[in-house]
Every structure is written in C-alpha cells, then in structure tokens.
1. Can you pull out every residue in segment A:89-99 that is under 12 Å from residue A:181 (Cα atoms) and facing chain B (nearest Cβ under 7 Å)?
2. Tell me which of these residue B:266 doesn't satisfy, since it passes every other one: (1) modelled with pLDDT under 95; (2) assigned to a helix (DSSP H, G or I); (3) buried (at least 21 other Cβ atoms within 10 Å of the Cβ).
3. Pairs, please: C-beta under 6 Å, at least 6 apart or cross-chain, first residue without any contact (Cβ under 8 Å) to a residue 24 or more places away in the chain and in segment A:17-39, second surrounded by 12 or more Cβ atoms within 10 Å (Cβ to Cβ) and assigned to a helix (DSSP H, G or I)?
4. With respect to residue B:637, is the statement that it is buried (at least 24 other Cβ atoms within 10 Å of the Cβ), facing chain A (nearest Cβ under 9 Å) and touching a helix residue (DSSP H, G or I) at 6+ places or on another chain (Cβ under 9 Å) true?
5. Being within 23 Å of residue B:116 (Cβ to Cβ), touching a helix residue (DSSP H, G or I) at 6+ places or on another chain (Cβ under 8 Å) and assigned to a helix (DSSP H, G or I), is that true of even one residue in segment B:349-358?
6. Any idea which of B:755, B:731 is in a helix (DSSP H, G or I) and not assigned by TED's automatic domain parsing to the domain that holds residue B:612?
7. What residue, among those in segment B:239-256 that are surrounded by fewer than 17 Cβ atoms within 10 Å (Cβ to Cβ) and not in a helix (DSSP H, G or I), is farthest from the other protein chains (Cβ to nearest Cβ)?
8. Considering only residues that are outside any helix (DSSP H, G or I) and buried (at least 18 other Cβ atoms within 10 Å of the Cβ), look in segment B:759-790 and name the one that is modelled with the lowest pLDDT.
C-alpha cells in the first residue's frame, strides 16, 4: 500500500484492521480530487540557532521547550518551514460535510496524509541542499508538538511572511488557515544521528486511537 | 492637477520595493517596517527621495502593514506610524498614496475574521490616510476578493479619495483564494474603484499575459507593479534577479500592451524604476475602451452572459416548496446548502437565492443564506428579493459581483434598486412591467426595457449590467403568453443589445406534465436569444433541452459535453432492487440507492412505524455496536447513517401522506466553540444524532457563547453539545459552559474534541465527555429517556 494511503487509513481509525472496499474507494476518490484542487505552496528559510537545556533561540525567537531543545540538540542552524495545500482543500471538505459526510471524513484523512507527504518532500529538498555542505537534518518539529507552545505559530508566520508568499495565516486561536497547513522547525547539524521519528511518537497521548504503531 | 485628472490620460509612474531596501539597511525579518517611519525617518525618506528622483509620479507611504490585525507595537500607535509614513513620503514632493496591504488574516467562512471586522480594520486606516494628507488610497497585494471588497468599501465610504486596487495573481492568472482575472475585474469595477491592476507575485514577463486578459475585460486604467522577477530561493533566502535594464525593457512592452500606470514591487530598486522611467517616458497610453461583457462573479469564478446561454438554478425559492419553507423557518441551512450543491452538480451556472417568507426576518436570513451558500459553492448567486434592505445587506456581504433579481419599470422600484447597484456593483434583472402593469405586446415590454436602461444611465449603470426579463405569462390564462415573450426577447436584443433572462417554468402554470411545455418553451426561448433561463436543473427534460440547444448551435465543441452526458446513459428502466437484499443489509453496508429503492417498496407493504421499528432501528444498532466494538469504522458508520437517512426520508414522506403526525423530536444544540474553525467532529455527531431521531440545531463553528445561550433560551434546549479541537479553544468551551450554567442551570452540556479527556471535561464543568460520536448518542438517549430499541 502506498504510504499516504496507509496513513489515511490510520487517520480513519482502522488501526491494523483490513479496510473495506467501499472505504478504499472513498480514499482513492479523495486523493484524486485533492490532487485536482490542492495548490501546494511552501516556503522556508534558514536561521542560526542556539540550543540550551530547555530553551532554544532561533533568529530573534526565544522558545522555551524541553522537547524542542532535545530535538535540536547539537544544531547550530535550523530551517523554518511553512507548507499549505491551499484553501480549495478546505472548500472541498466543507462541501462534502454537507453533501456526503463519509466522503468528508475520508477527504479530511487523505488531506492530512497528503500534507505529510508534501512536508516530507520539502524536508527532502532541505536535506539535499544541506548535504552539499555535508550537513544533516533532524526530523521536523512543529508548534504544538510536546511542550513547543502553539503560540509560536504567530512568529513563524510573520518571519516567513507566509501570508503574502503562500497564502498561509492563522486565526486568533493560533489555528492555521487554510487548515491543511504545517509550520515546522528542522534542525541542521554536523553529526548524522540515526534519527528516530519524533512526530506522532513523541506525543504524550499514549492511548491515542490514531497513534502511529 | 489632481491624480484623478491625469489617470488614464497619461502614463503614470509608481515606485518600487520598500521592504527589501529597508532590510538592506538593517530591518530584520519579522520586524515591523512601519515603526521605522518614526524610528529612522531619514532612512525611509531617503528611499522615497530616490524614487522621486527616479521619476515617480506616485509614492506609496510606508504603511503596507499598518493595520490593527498586523501592527502591534507598544511604542508607536497605528495613527502615529501612518501619520509619519505619509509625512515622510510627502517630503519628496510627489503624489502620496496611503499604502493599504492585507490584514494577514483569512476571512470567514474559512478563516476567523468577519467581513464586517475587516471593513472596520480598513476604515480606521483610510480615515487616518485622508486626515494626514494622502492623495489617494492604494489597496495592494490582495489575494482574496472578499478582503479587497472590504478594503474598497471602507475607502469609498470613509474618504473622498481616489481608490486604486491591485491584486496578486499567480502565473495561471489566479488568486491564492481561487479567483480569476475576469472575476476580479468585474467585482472591482462594480465597486467603482478608479484603477485596477496587479502587483507582487510575478515578474514583468509573467505579468504581461495577465495584463492582456485584464485589458480584455476592464474598462478602467490598469496598473502593473510586478516584482523583479519570480522569487527564487537560495539557502532559504528569497531573492529576485531581474536586472534594471531587463526589467525596464519588459515594462516598456507592458506599457505598449496597455498599462496606464507602472511601477515595481518586491526586489525592485530605484535603479529599476529609473531605467523603467527612462525607457517609457513620453509614451502615450493605449486608449481605455468601455467593455460590453455582462459578467457575474463569485470568489472563484466569473460567468459571462454571452451567446451561449447559461442556466440559473431556481430551486432555492420557497414558493410552493413545503420542505424549503420548513427549513427556512427552522434555520436549517443544510437543506438549503444541499439544494445549492445538487443544482451545481446538475449543471447550473448561477443560483437564484430567494428566502422570502411572511414570518421571517428576511434581511438576516438573506445575509446568512448568501454567506452559507458561498461557503459550499463557487457559483455566482442571484439575490432574489423585493426587500430593499435585504438587497442592500446581501449585496454588501456578497463575495464577488452578484446578480440581483430584480428592478422593474416603476419609478419607485428604480429609485430604490439602482442606488444599491451603484454602490456595490451587480448585474440587475429588469422586469418589463411598470405602473400600468405588464404590457400585452412585445413592443410595450421593449419600451419599458428602454426606460429601465436609460434610467440606469443616470446612476452610471451601464446597460451591460442590466439583463431584461420580458416575462413569460402562463399560457393557460394568457393565450399569447409565450408568443409575446418570444417576440419581446428578440426585440430587446435587437433594439438595445442587452442580455436577457426569463423565469421559464411560469409558462406552464396550471397545466399537467409541466415539464413537457417548459422544456419546449425553453428551447424556443433560447432560439429567440434568451441568455439565461431560470430553470430547475434537476429536471431531466430541461437539461435535455439545454444540452441539445448548445450542441445544435455549435457551442459544444465536437459535441463533447453532449456525448459525455448521454453516451453512457442506459435506456433501460430503473432496475428493481434485488429480491434478496433487505433494508437492514443495505443500511449496514451503507448502500444509499438500494436503501431508497427497498424502502419505496416496503412502504407499500408495511406501516411506516413498523419499518422504523423492525428494520431501520435494528440495522442502525448493529452498525453502532459494531463501531463500538471496533469492527465497523468511521467511514462505514457514516455511509450507513447516510443510507438510513434516505430510508427515513421515504418513510416520513409516507407518514405525511397517511396524515400521521410525527412525534415531536427532542432538540439538541450543537456548536463548535468560539475561535475554533474545525468542525468535522461536531458534524459527525450531528449526522448520528439525527439518525437516532433527534432534532439537531447546528450553530456551526466559531460560535460566541452568548449566541449559544440565547438560542438555548429561545428554543428551550435541554442538551448542548460543544466541540473544541485545541487547547487554545478549550478556554472558550469553558466560558460557554460557565455562561450556560449561569443562565440555564438545567441545561446539560456534553463535550468532545481532540484535546479533551474526562479529566479535562470535568475541570471545565461539562456534564458529559463523549470519546466518540456514538457515546454522545447514548448520553442523549439516556438523558431523554429513550429506549435503545426505539
């Protein structure tokens, strides 16, 4: 199974269960439609960083977060990243919420998986760029992961000028709009640590239905 | 001479980038550039001075981000930085524009900034702009037509300054929010800005083709203010690499292609502008011609009424529609939204929206309907009302350039309607009737059309924005109803060159098998020059008439649409549902069509109540239990819910045929709390609760606590379900519960959402935490003492 399909299946709560054909059809249709409407845009920029025990300095940002400090340990540079699938994805899901709820749920899950895939691609681009300088990257880490306060979303959007460049903004409650968007920091270091993934797995919510196994 | 006198008559030069130059002098990424107006006025003035010396006619003050959404500074107020910004620019001795950039926020329905709030944000700054001496308002880098509309209205209503507006397009000529060039042009012209155009996003080379499209539709001077090339990234830094000479060369081509004002945006420097001025100075601009296209638009698309007819869907109109009437009374927007979506899927190009009912607040209802419909479809809308206040408010908050139904030849009507169109823009339907009624002859109707067109001119409303409805009178009472209408259609087109519209279905009123007459009359009307028929796109006969006409007249290249539509259609009658399949089977597997067919058969044999008790409820229980045990998953649960819903609808139809009153349902209010825009979870709960026969009042997302309390009081609700996705919004959930408990202590609150758990729910005072949708159903059943089996 394609990775994004298996991710979508996981988001739909199937765990290790076999997916029925009709749901699989929904997933396939969803990906096709998402590909048609998504306007994928991304922007990133490098900043010097200074990592202390439970604090990280990125450019002018000061971030108090043990988890992020752990993730960025040993890094002197980070890539700051913003990615979005665009507003038409939100419109598509909204439309299905009225017309066909099962489809809306499938679309929602597929869009999340699609977004991860797009983030992976951006990350690979950064990885390649940095490989030329014999540097390595760490797994991406987003505001809201662990104790990395969601409020930093605001600074990241402003620093990257995401509204103008890729149409990415946020609500007063720090939710990204369009909703299928991600901001993240990616550590860059000299050492090639065999990184374990620290996305989903680093979350404290051990009993989460959607946890990656 | 004022800028308005020079605009469109001679080539005007605007300045180039500001941000990049300030960055070169030490402005850091993320620092507010506007604070420099006061902190380092000499540096800002120096940039202005260089642009003035390069030959600019208009300088933009350093106020791009000066609005209360973006600008938060403890040291200098918004008013201070705007004042300083304008004063700095004025020192250079050119015209100075208040530069108005976007708020940086996404507007509702997909974001959280309301149109009215956006308007206030812009109203505040344009007011300062005029107060401190700006010569014009320059609205720029807008990627959202809705936000642009708020800004333009704010500028027009709060100042007397000229308004220029430029949007940011991508290489395909699209905005980030989906709009295309004709839709942008139509809306901004309708709002009567002084000049339109594009800035940022593209380099001059990519801007050139967009300019050509814009010129094709625009009757206004066009501004082109591109970047120094497409943005490039190296090592995470953005840069632009088109050199001043190359920039100037392409800008000359842009002037030759018809730009009336040119400048630069990101990456351009005084050197770029100097070269541009040197290359273009003294060039005459191409004449700006009045265009005759009748364009209606939404945020996502433009519909041009041309020779190929378009379809206006008539179904959102309560006249003679029991279900829609009920939905409107209950404020059940889902029903209306489904009508919108099915009409679009059936082929409608524009949707008529009429929500007029005797006992409802039509102004509020029309506004809400327009908002909601625009959140699920990008089709342009036709606002259909005789209530002038509803017209005004709906046109105001509409995202795009709408159609308005209607004005007529009565003086009173024209006096009321034309000012609204003049203010907001729109294409208005002119009904050919006046104080003396509806003329019997085509000539009489054409004469009224003429009267409407010439009266509109007084309001500066061009005839391209008037479509004439020559009125189809019912042939069962008016023998010549169709003949006169057809003749008049032809006549008004020939006499005035205007587009036409017709409510087609009226022709057959009182006759059997109306679709036969309707579809034939529709074909005849199109053949006589009808531009837009207001029809039921769900009627097969009407769509056949349309598809045939379009194919016959050569508007369907290689008959592609016709073939796509009809080649696969089998000619056999609808198959009966397989004998073996039962209703519970169909529901458990989520087979909608089968569930519908089987239930249609079942109602002939069984009473509706028995069907519910013996077939529907047991099937739902099997699925629900499966979900809880982990053998049925969310998409399946929802597919089953959908199938059950369809079966329920058939059963209810039968109940009402049998004149059996349905039991009064228990009401539950659902809402996603203030600040939260993620409502898919809440919507899942809603679908299931409805399945279990609760009446759900869905208040949507981002709902104020006060609004929830008010509705609970109004409708005496005993159970409220709230959802919140993130820690940042659980706060408003807590506040909502607090207010609810204070005002209505008896009302129970159940909560759900990604960040919640039992402990959290207890802490914020919820009565119940639902881990998944089925648990909410059980809680509701327990609360209302419903037995599991009924």
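1. Within segment A:89-99, the first condition is being under 12 Å from residue A:181 (Cα atoms), and the residues that meet it are A:89-90.
Selection gives A:90 alone.
2. (2)
3. From segment A:17-39, the pairs are A:19/A:9.
4. yes
5. Scanning segment B:349-358, I find no residue that is within 23 Å of residue B:116 (Cβ to Cβ), touching a helix residue (DSSP H, G or I) at 6+ places or on another chain (Cβ under 8 Å) and assigned to a helix (DSSP H, G or I), so the answer is no.
6. B:731 is the lone residue from the list that is in a helix (DSSP H, G or I) and not assigned by TED's automatic domain parsing to the domain that holds residue B:612.
7. This residue is B:243.
8. Top of the filtered list is B:772.
The values are calculated or read from the model by the stated rules, or taken from the named source; none is laboratory data. Because the structure is predicted, anything quoted here is derived from the model rather than measured. Quick reminder, even Gly has a Cβ in these numbers, built from the backbone with ideal geometry, and neighbours come from all protein chains shown.
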